[in-house]
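Asker: To start, I am sharing the structure in question, which I have written as structure tokens.
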Amino acid sequence: MADLTIPEGGFWPAPEIPQPNIYPMEWHVETEKLAAIYEKSKRELWNPADLPWDGLDPADFTREQRLGIMYWFAVLANFDASGPAVFARATIQAFEKHEEDPVRKCFFSITRDEMNHEECCQRTIAKLWPGGPLDWTPSDDLESAAHNNIGWLYHNGGRYWNGYTSAVGKYSLPVLFTSFMMGEMAASTLFRGMSSGTKHPVFSEMFKRIGRDEARHLQICMTILENEWPGLTDETRALITRQLRAGFVFLSMILWEPPEGFWELPPYFLKNHLVLMDLARQAGLGVLSSKEQAQNWRVAMAHIRAIVERWGIAFPAIPELNLEGVHVDFIDPEEIIPVF
Ligand SMILES: [Fe+2]
Ligand SMILES: [Fe+2]
């Protein structure tokens, strides 16, 4: 017989833990499909350090092309490099709200993947433009334009982060996930297009792998939404419609061109942005033409429309892409949630 202490009158019940809290520990599983996706994410893990970096030689590019590539990755980083922090926060939230175990684990896996994606930005920039995105001194007008644009871009990234951190606890799962789903749809669209467009072995390998991760992230979001969408209230539906417009406005910066309505940018930003994007394009990065970008983005948005309309959610008007829908006006930074 073990030498136990049994109090007279029975054990004392432990105090109830005030919620939200990550305790008590438990691992309940409701959605087996998510558990399977998490397993797949572990098997498909890759290491950005193992990409054939020796094949990325700065001498293969003109200085302007190197600047263009650095600029493109600096723009990408506005989205992809926020991923780890955005999903780390969402992961903590999922623990505190005691979401089922596979939801928490899938969030963690997205955090892990996004760290790889931001490492790709970091490594490419370090190789081609040491000091980039911002810790270098421009030596001519083109370089000054690039440096200044990146500063403005990150000013908006900072607004997104402030909005996100105050909004993430406020929104319910369906709202949050519709926004994440948009980001993942955008990301998988972007990298599918670019991996077919680039001829460079490092970028081709990089975009293929990132694209595969993004497609898995999209699958995670869709699986969670299939659980969450039935039983939406009208109020939540209306909120999601606004979120879809917010996602379009935010993500268009990397998918296509930044529309009016959120971005605080100086009047010369867009023109210089397009010049720099064109340099990246000429360098063989796989940046699609503006027309192809718009077409891909339109197809992706139409896909999202088909998905959400099945659940009675109205789609916002996207006049920029000739997509009809409900008019949504001004977008607050706090409404911008999506992440790559
Ligand atoms: Fe992603
Ligand atoms: Fe990503």
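The values are calculated or read from the model by the stated rules, or taken from the named source; none is laboratory data. The model shown is predicted, which means the values in this text are computed figures rather than measured ones. With ideal geometry, Cβ positions are generated from the backbone for all residues, glycine too; neighbour counts draw on all protein chains shown. All accessible areas refer to the heavy atoms of the entire protein, side chains included, with ligands and DNA or RNA removed. Shrake-Rupley method; radii C 1.70, N 1.55, O 1.52, S 1.80 Å.
Asker: Just for segment 188-207: of the residues that are open to solvent by less than 60 Å² (accessible area, probe 1.4 Å) and within 16 Å of the chain's Cα centre (by Cα), which one is nearest to ligand 1 (Cβ to nearest atom)? Walk me through it before giving the result.
Answerer: Filtering segment 188-207 down to residues open to solvent by less than 60 Å² (accessible area, probe 1.4 Å) leaves 188-191, 193-195, 197-198, 200, 202-207.
If we keep only those that are within 16 Å of the chain's Cα centre (by Cα) too, we end up with 188-191, 207.
Numbers: Ser188: 8, Thr189: 12, Leu190: 11, Phe191: 10, Phe207: 13 Å.
Among residues in segment 188-207 that are open to solvent by less than 60 Å² (accessible area, probe 1.4 Å) and within 16 Å of the chain's Cα centre (by Cα), the one nearest to ligand 1 (Cβ to nearest atom) is Ser188.
Asker: In segment 208-229, is there at least one residue being outside any helix (DSSP H, G or I) and either open to solvent by less than 70 Å² (accessible area, probe 1.4 Å) or over 29 Å from Ala167 (Cβ atoms) (or both)? Walk me through it before giving the result.
Answerer: Looking only at segment 208-229, we keep the residues that are outside any helix (DSSP H, G or I), and these are 229.
Still in the running and either open to solvent by less than 70 Å² (accessible area, probe 1.4 Å) or over 29 Å from Ala167 (Cβ atoms) (or both): 229.
The answer is yes; a qualifying residue exists.
Asker: Tell me which residues, restricted to segment 37-71, are hydrophobic (A, V, I, L, M, F, W, C) and touching a helix residue (DSSP H, G or I) at 6+ places or on another chain (Cβ under 8 Å). So that I can check it myself, show each step before the final result.
Answerer: Start the filter on segment 37-71 by keeping residues that are hydrophobic (A, V, I, L, M, F, W, C), which leaves 37, 45-46, 49, 51, 53, 56, 59, 61, 67, 69-70.
Passing the criteria: Ile37, Leu45, Trp46, Ala49, Leu51, Trp53, Leu56, Phe61, Leu67, Ile69, Met70.
Asker: Could you please let me know if Arg281 is in a helix (DSSP H, G or I), at pLDDT 95 or above and in contact with a Phe, Trp or Tyr (Cβ under 9 Å, 6 or more places away or on another chain)? Outline the logic, then answer.
Answerer: On the way: in a helix (DSSP H, G or I): yes; at pLDDT 95 or above: yes; in contact with a Phe, Trp or Tyr (Cβ under 9 Å, 6 or more places away or on another chain): yes.
Considered against the rule, which asks whether it is in a helix (DSSP H, G or I), at pLDDT 95 or above and in contact with a Phe, Trp or Tyr (Cβ under 9 Å, 6 or more places away or on another chain), Arg281 comes out as yes.
Asker: A follow-up question, please. From the list Glu257, Glu334, Glu235, Glu292, exactly one residue is open to solvent by less than 70 Å² (accessible area, probe 1.4 Å) and either away from ligand 1 (no atom under 16 Å from the Cβ) or small (Gly, Ala, Ser) (or both). Which is it?
Answerer: Details: Glu334 fails: open to solvent by less than 70 Å² (accessible area, probe 1.4 Å); Glu235 fails: open to solvent by less than 70 Å² (accessible area, probe 1.4 Å); Glu292 fails: open to solvent by less than 70 Å² (accessible area, probe 1.4 Å).
Result: Glu257 is the single residue among Glu257, Glu334, Glu235, Glu292 that is open to solvent by less than 70 Å² (accessible area, probe 1.4 Å) and either away from ligand 1 (no atom under 16 Å from the Cβ) or small (Gly, Ala, Ser) (or both).
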